[in-house]
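Colleague: The structure follows.
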Amino acid sequence: MAQDQLIRIGGRLRQAHLPFDSKHQILLPSTHAFSSLLVRHYHEKHLHAAPQLLLTILRLRYWITGARNLAKRIIHKCIACFRARPRLVEQFMAELPASRITEARPFSVTGVDYWGPIMLKPCHRRAAPRKAYVAVFVCFTTKAVHLELVPELTTSKFMQALRRFVSRRGLCADLYSDNGRNFVGAANELRQLVHTAECQQTIAHECASNGIRWHFNPPKASHFGGLWEASIYSAQKHFVRVVGNHTLAYDEMETLLSQIECCLNSRPIVPLSDDPTDFEPLTPGPGLNGCRT
């Protein structure tokens, strides 16, 4: 329909209690300069509205053919909107280190980090809850996870957790961690330990002569250690959903951590397939205990 020498949209809303411009919007082409000026005007008038809001406002009076693309183009050229939402620079990913892609025995090359604190039930009813931490050991080759409950953030307690880990999983050749003080202290104690006669008798000669090579990440390098950070995130998801706001005793927490460890080591390390003839997915579990779960 045409009125006042303007082409308007028709329709069946003549009896609706709406303004005339809302019932029969003015038809405009998106390629005309007036349409671009009109969209820019409404964009700035309504505080640099987003495309969806801008279309809603425009269609109260105007119907622009191809209005969505025009609105996106106007917003894309808006300097204020461009400065408010700068494009993030994507960092180039470096090559994987040799320790991540070299075939080795499970936990031969290991990364370690702490997760916590978590609250445990006190020994006595009237005592306050006590803090504890979880030492997370991650195999660089198989992505297997080993969890150890640590009562304190001290070097001696971490050394005990490390001894328990080595006794169950075997001596690791390389150990990676951040620059935590307890890790640095443990590395110094371990360097002194491997040169004593006592250690030479308990550990195999070839391992004791070399010792565990401890590698520290550079200071303030947040992009290092993503392997164990991802394992901590996965373990926390299980922990939060099961425990919630409750506090567990020490033995209950050890049991729960063992179950979480089992779940993490049952995760597939290759993409799953919908083909029923494909083999079962590869998980870290068979490399540790010879069974699937």
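Colleague: Taking the Cα centroid of the stretch 120-178 and of the stretch 54-88, what is the distance between the two, rounded to the nearest whole Å?
Modeller: So the separation of the two Cα centres works out to 54 Å.
Colleague: Still on this structure, I have one more. Between Tyr62, Gln52, Leu27, whose Cα lies farthest towards the positive end of the dipole of the stretch 1-73 when Lys and Arg beta carbons carry +1 and Asp and Glu beta carbons carry -1, centred on the Cα centre?
Modeller: Gln52
Colleague: So what does Trp63 come to for accessible area, using a 1.4 Å probe and Å² rounded to 10?
Modeller: 90
Colleague: Could you state how much accessible area Thr102 has, in square angstrom rounded to the nearest 10, with a 1.4 Å probe and all protein chains kept in place?
Modeller: 70
Colleague: I've got another one for you. How big is the dipole moment of the stretch 72-185 about its Cα centre under a simple scheme where the beta carbon of each Lys and Arg is +1, that of each Asp and Glu is -1, and everything else is neutral? Debye, nearest 20, please.
Modeller: Details: 20 positive and 8 negative charges, 158 e Å.
So the dipole magnitude of the stretch 72-185 works out to roughly 760 debye.
Colleague: Counting only residues 5 or more places away or on other chains, whose amide H sits under 5 Å from the amide H of Leu28 once H atoms are built in the peptide plane?
Modeller: Correct list: Trp63, Ile64, Thr65.
Colleague: If I stretch the segment between Lys121 and Ala84 completely, what's the gain in nm (0.36 nm per residue apart, minus their alpha carbon distance), one decimal? Please report the intermediate quantities before stating the final value.
Modeller: Working: separation 37, 0.36 × 37 = 13.32 nm, distance 4.88 nm.
Taking 0.36 nm per residue and subtracting the Cα distance, the gain is 8.4 nm.
Colleague: Ala50 to Val242: FRET efficiency via 1/(1 + (r/R0)^6), r the Cβ-Cβ distance, R0 25 Å, to the nearest 0.05? Please report the intermediate quantities before stating the final value.
Modeller: Details: r = 40 Å, r/R0 = 1.62.
That pair, Ala50 with Val242, gives E of 0.05.
Colleague: What residues of the stretch 230-255 lie in the reach of a label at Arg267, counting those whose backbone N is under 18 Å from a point 7 Å from the Cα along Cα→Cβ?
Modeller: 230-243
Colleague: Right, something else. Ranked by accessible surface with a 1.4 Å probe, highest first, in what order do Cys263, Cys81 come?
Modeller: Values: Cys263 65, Cys81 20 Å².
Correct descending sequence by accessible area is Cys263, Cys81.
Colleague: Let me ask you something else. Put Lys157, Lys237, Lys220, Lys23 in order of accessible area, largest first, 1.4 Å probe: what do you get? Kindly include the intermediate steps, with their values, before the conclusion.
Modeller: Working: Lys157 55, Lys237 85, Lys220 205, Lys23 30 Å².
Output order, biggest surface exposure first: Lys220, Lys237, Lys157, Lys23.
Colleague: Then there's this: Once both labels are modelled 7 Å past Cα along the beta-carbon direction, what's the Leu96-Lys131 spacing in nm?
Modeller: Output for this residue pair reads 3.6 nm.
Colleague: Taking 23 Å as the cut-off for C-alpha to C-alpha distance, list the pairs among Lys131/Lys220; Lys23/Lys77; Lys157/Lys237; Lys157/Lys220; Lys121/Lys157 that go past it. Display every interim value, and only then the final one.
Modeller: Values: Lys131/Lys220 26 Å; Lys23/Lys77 31 Å; Lys157/Lys237 25 Å; Lys157/Lys220 25 Å; Lys121/Lys157 19 Å.
Pairs exceeding 23 Å: Lys131/Lys220; Lys23/Lys77; Lys157/Lys237; Lys157/Lys220.
The values are calculated or read from the model by the stated rules, or taken from the named source; none is laboratory data. On a predicted model such as this, the values are computed, not experimentally measured, just so you know. Reconstructed Cβ throughout: ideal geometry from the backbone, glycine too, with neighbour counts over all protein chains shown. For accessibility, only protein heavy atoms count, side chains too; no ligands or nucleic acids. Shrake-Rupley method; radii C 1.70, N 1.55, O 1.52, S 1.80 Å.
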